[in-house]
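Structure, as structure tokens:
Laboratory data are not the source of any read-out in this text; all were calculated from the coordinates shown. This one's a predicted model, so the numbers in the text were calculated from it and none came from an experiment. Cβ atoms come from the backbone with ideal geometry, glycine included; neighbour counts cover every protein chain shown.
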Amino acid sequence: MTAPLAAQDKTSSQSLEDLIPDSAVADPEGWAQQGQPADLPDEPIAEVDPDSPLAEVPPIDLPWPDDLVLPQLAPLEPDDSVQFADLEDAADAAPALVDAAIVRVTDELVLAFPADETLFPERNEFTERFSGLSTIAELDTDEDSVAQLAARAKSDQALLDTLLRVYGYYDAQVIRSVGGIQAGQESAATRPEVRFDIIPGPRFRFGAIDLGELAAAPDAEALRRAFEIRPGDPMSSDAIVAEQFNLDTALGEFGYPFAAIDAPELLVDHARTEGDLTMPVRPNGKYVFGEVVSSRPRFLSGKHLASIARFDPGDTYQRSLEFDLRRAIVATGLVSSVTIKPREVAPPTADGPGTVALDVELTKAKLRTIAGAIGYGTGEGLRAEASWEHRNLFPPEGMLRVRGIAGTQEQLLGVTLRKNNFGGRDKVLTVDAFASTVDSDAYDARTVSLIGTYEHLSTLLFQKPLSWSVGLEAVATSERPQPLGGVVQPRRTYFIGAIPLYAMLDTSDDLLDPTKGFRAGVRLSPEVSRTQGMESFYLRGQFDGSTYQRVTDKVVVAARMRFAAIPGTALENIAPSRRLYSGGGGTVRGYGYQRIGPRDANGNPTGGRSLLEGAIEARVKTGFFDGALSVVPFVDAGSVSTSVLPDFDVVRIGAGVGVRYDTGFGPLRFDIATPINPGPGDSRIAVYVSLGQAF
């Protein structure tokens, strides 16, 4: 055996103290400064060549003892407290519930409930909720092994335990069993299966209920009724969450803007099978509305914001009205963000509520917009429209828009001034001036118009059951019929004054894509017309009605009708542009624009004094593009007469099919139609493209 290294020599009798000289102990700093001992050679340390070979290490020679005897280990006793699942026997194990109601969730997941439904009346709701959260159901495949199911079953068992507590079954038991493939069985019938036997036990009930300071509120009785949990009611975590929300809503609606509700705590007593609920409520005083304060008074003043609010100063504070004001401000299109915070102005007293002001923090949006649209319709040709607008050039909410139209049949240049929320919420004052030329199959018109309208609008954000408008219209138009036999007809100049009135009742569920309800609208326009020294008085009237009915989840049937008439004067006294026409994408599809009705010798439409139209279509959703694509077969019909009442001499019918693509904002419409009984010169195919349903 080789000798140990010096550092490993345990036979040395010297200790650490023996190796330290007395001089180092007496003067350690001086001893340290002495440097290298004199007896050491003063030769430089030789450099080591990194490429030189290592010296051979002497072998370690340790003989193996021949008389080594290891002690015999004592055998371990089995621990009966540890149990191991035997997956093969699990399939043959007797179920916990022998007489059970079996509910199969998937091919490999089964729930077993007590046969007596009164022991667990929430069975159906419970099963549906569990199946939506189950790991086994989510990962169900034909390739699952018993081991995979056993692992997922542990997660699902914990989920079942949690759900049972949610429903108030705190002493429930869930027993799981996992079955595998048995010898000699067909593979299709032997998919591994997990079964959960659910023994719910008694359902716990609410015991004492502590709602903190709620009883001190002036509306304590009404607020307590909003929280509908009572002692003795079946315990449910869902009920606690729902009733907490209801109480918070009631506090906001009864005038408590600063109310606070702490997180609920439930103390479960298994001996009583009850749970005591503590949910501290702090009403923090009742208030009424005060003023509305804008952070940008020169942009949207507090006075203007108060005019579009649905409350007046002194009204009891309601959180829903605060939210409604926020939505109304967003609907102006002038802001990118809005924050409203109630601020105490006067505290509540023993004699009455306090007062809160609403501080409105606004962030401006981009106010200038350039927009454009392009469309095409058979008989109407191409139509492109562009506009520029500034939505708050005349604060508050004073818009200026300049627009132009360039089309196959129409050209227009116009200026529009609009004041939104003028004199009240969603009331709009509009002044529109434009000059246009129209060269259609029916007439050639050069028109200058000035129209003023005051209206109460139904908007996409606030669809109203009743909308209306009243206006004044002044028109100067030079018009002539289309050439007759190649002869150009003379122009006639008409000066027209009108008072257009409109009202619509709307019970539909959507402005752009309704699925239920109806709409009924009436337009009346008393007019006076002067041409070539002759003055005529007449009334232009129109009724529109439409109804929408959902037949199945994927099919909506829609129908509409229109009746219009112009009593009071002869047809020739009415400017061609003010007469009644039919045909086109918004009337009777399959026919060209204004191509239905009386015609001259050249087949050009002359217009009439009465009109009757009807249409029916089925809007059928498909599974394409995640359900965004719909197919719409339709049939339209229309008739125009020169008399005040329809004579039905000629009724034109068109039929076709369209598709709708739901853009999220509204459906994009593409219709192709054909006339069933075409007249002379009517095309066999008509195509229409636009945004929104046909009606």
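For the pair Thr515 and Glu535 in one chain, pulling the backbone fully straight at 0.36 nm per residue adds 2.6 nm over the alpha carbon distance. Contact order, relative form, for region 304-432: 16 percent (alpha carbon pairs under 8 Å, 6 or more residues apart, mean separation divided by residue count). For a paramagnetic label modelled on Asp107 (point 7 Å from Cα along Cα→Cβ), amide N atoms under 12 Å away belong, within region 141-158, to 141-144.
Placing R0 at 60 angstrom, the Cβ-Cβ distance between Phe495 and Ala222 gives a FRET efficiency of 0.40 after rounding to 0.05.
Determine the distance separating the Cα centre of region 369-430 from the Cα centre of region 237-305; give it in Å without decimals. Their Cα centres are 44 Å away from one another. Between beta-carbons, use under 14 Å as the cut-off and find the net charge around Leu163, counting Lys and Arg +1, Asp and Glu -1. Around Leu163, the surrounding residues sum to -2.
In a DSSP loop and with at most 14 other Cβ atoms within 10 Å, the trypsin sites (Lys or Arg not before Pro) in region 202-281 are Arg272.
Between Phe665 and Val528, full extension at 0.36 nm per residue minus the direct alpha carbon distance yields a gain of 45.3 nm.
The modelled label-to-label distance between Ser337 and Phe625, using points 7 Å beyond Cα along the C-beta direction, is 3.3 nm. Each of Met534, Met561 was scored by other Cβ atoms within 10 Å of its Cβ. Arranged with the fewest first, they read Met534, Met561. Of the chymotrypsin sites (Phe, Trp or Tyr not before Pro) found in region 461-552, those that fall in a DSSP loop while having at most 16 other beta-carbon atoms within 10 Å are Phe462. Taking a straight Cα-Cα cut-off under 29 Å and skipping sequence neighbours fewer than 8 places away in the same chain, the lysines within cross-link reach of Lys464 are Lys303, Lys341, Lys364, Lys366, Lys419, Lys427, Lys516, Lys554, Lys621.
Taking label positions 7 Å along the Cα-Cβ direction at both Thr316 and Asn284, the computed distance is 2.0 nm, reported to one decimal. When you restrict to C-alpha pairs under 8 Å that are six or more residues apart and normalise by the size of region 592-695, the relative contact order lands at 21 percent.
If amide H atoms are built 1.01 Å from N in the plane of the peptide, which residues on other chains or at least 5 residues away come under 5 Å of the amide H of Asp315? Under 5 Å from the amide H of Asp315 lie the amide H atoms of Phe289, each far enough along the sequence or on another chain. Note on His390, His456: ascending count of other Cβ atoms within 10 Å places them as His390, His456, the fewest first.
Can you give the FRET efficiency for Arg684 and Ser478, using 1/(1 + (r/R0)^6), R0 = 22 Å, r = Cβ-Cβ distance, to the nearest 0.05?
The formula returns an efficiency of 0.05 here.
Electrostatic bookkeeping for Asp439 treats Lys and Arg as +1 and Asp and Glu as -1; over the other residues with beta carbon under 12 Å from its beta carbon, the sum is -3. Computed over region 205-282, relative contact order equals 44 percent, with contacts defined as Cα pairs under 8 Å that lie 6+ residues apart. Each principal axis of the Cα cloud of region 430-490 was taken in turn, and the coordinate range along them, longest first, works out to 53, 20, 14 Å. Here the gap between Glu138 and Asp269, fully extended at 0.36 nm per residue and compared with their Cα-Cα distance, gives a gain of 43.6 nm.
The order of Met504, Met279, going from fewest to most other C-beta atoms within 10 Å of their C-beta, is Met504, Met279.
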